[in-house]
Amino acid sequence: MRLFDGLLGGRAAEFDSGSAATSAIELTKRHHQVSLTKQGAATGHLRINLTWRMRTSDIGGAARQSLLRHPLKALRPPEVIGHSQSMVNVDLDLGCMYELTDGTKGVVQPLGNFLGDVNAPPYVKLSGDDRFGSGSGETIYVNLDHRDAIKRLLVFVYIYDQTPAFDRTHAIVTMYPSNGPRIEIGLDERHPQARSCAVVLIENVKGELVVRREVKFVYGFQSELDRLYGWGLQWGRGYKSKADR
């Protein structure tokens with residue numbers, strides 16, 4: 001099977017417990033791992049969502065306000081939701097490489113229309129391609145009722161076209177298990193030339209589903225992530241039609 005590449009080119013179970021206010025676990029460099037099995041969340045549908053926002057200072061700025069009336073705003077540029085084509089041309093794509101226990105490997109991603117299937121192998125499905133951004137972003141569903149068929153999943157994000165660097169998009173990948181708090185991974189590290197990022201690895205370790213933060217930025221696209229994690233797929237260049245951009 002030939003797949004499409006992008007345009008241009010310690011297992012300690014440590015995690016933040018979250019708080020009652022946010023009901024979220026934030027995976028960080030220090031607390032980088034959580035067990036869905038130990039949370040009782042290794043069944044049902046796991047929802048993985050990508051959203052982003054932009055600072056107005058990055059896209060031309062907002063109207064100036066009086067610093068006498070709002071002195072603190074000089075130190076904190078206002079933020080707006082980066083989900084408008086007229087505002088900025090943002091196209092971040094969410095994808096997932098999968099490896100099943102029977103040896104089957106592949107990818108679910110918007111490019112090439114590899115949308116997957118949630119009720120049949122690979123038990124991973126992309127809701128669709130969010131070309132210009134929306135309130136809901138892009139979402140992948142994983143059917144964990146078939147967890148025994150899943151060996152590992154690599155969730156990744158790549159910049160398709162004419163998008164600012166990751167540290168300017170303020171992208172966040174949020175995982176919503178069937179039970180327990182949501183899991184958040186921020187992609188705001190400074191890697192100005194990076195075009196892709198391996199976000200999180202979900203592995204079946206002796207029957208236990210473990211989620212591990214990766215957040216590894218690369219300067220290429222899916223083929224470079226493939227080499228980094230040893231997936232062994234064949235990649236070709238792919239483009240979205242102008243009518244759909």
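Overview of values
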item: Leading residue by the ranking (modelled with the lowest pLDDT) among those in region 167-177 that are under 17 Å from Asp91 (Cα atoms) and not basic (Lys, Arg); result: Asp167
item: Tyr158 of a type in the set (Ser, Thr, Tyr) and modelled with pLDDT of 95 or more; result: no
item: Conditions (1) out of contact with any Asp or Glu (no Cβ under 7 Å at 6 or more places or on another chain); (2) open to solvent by 40 Å² or more (accessible area, probe 1.4 Å); number of the one not met by Leu209; result: (2)
item: Identity of the residue in region 86-100, modelled with pLDDT under 85 and under 13 Å from the mean Cα position of the chain (by Cα), that ends up farthest from Val200 (Cα to Cα); result: Asp91
item: When residues of region 190-245 are limited to those that are in a strand (DSSP E or B) and more than 18 Å from the chain's Cα centre (by Cα), the one modelled with the lowest pLDDT; result: Arg237
item: Looking only at region 1-60, and only at residues there that are modelled with pLDDT under 80 and assigned to a strand (DSSP E or B), the one that is surrounded by the fewest Cβ atoms within 10 Å (Cβ to Cβ); result: Arg2
item: Among the residues listed as Gly128, Gly180, Gly103, the single one being modelled with pLDDT under 85 and assigned to a loop (DSSP other than H, G, I, E, B); result: Gly128
item: Flag for Pro164 being modelled with pLDDT of 95 or more and farther than 22 Å from Arg227 by Cβ; result: no
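The values are calculated or read from the model by the stated rules, or taken from the named source; none is laboratory data. Please read these numbers as outputs of a predicted model, since none were measured by experiment. With ideal geometry, Cβ positions are generated from the backbone for all residues, glycine too; neighbour counts draw on all protein chains shown. The accessibility values were calculated without ligands, DNA or RNA, using every heavy atom of the protein model including side chains. Shrake-Rupley method; radii C 1.70, N 1.55, O 1.52, S 1.80 Å.
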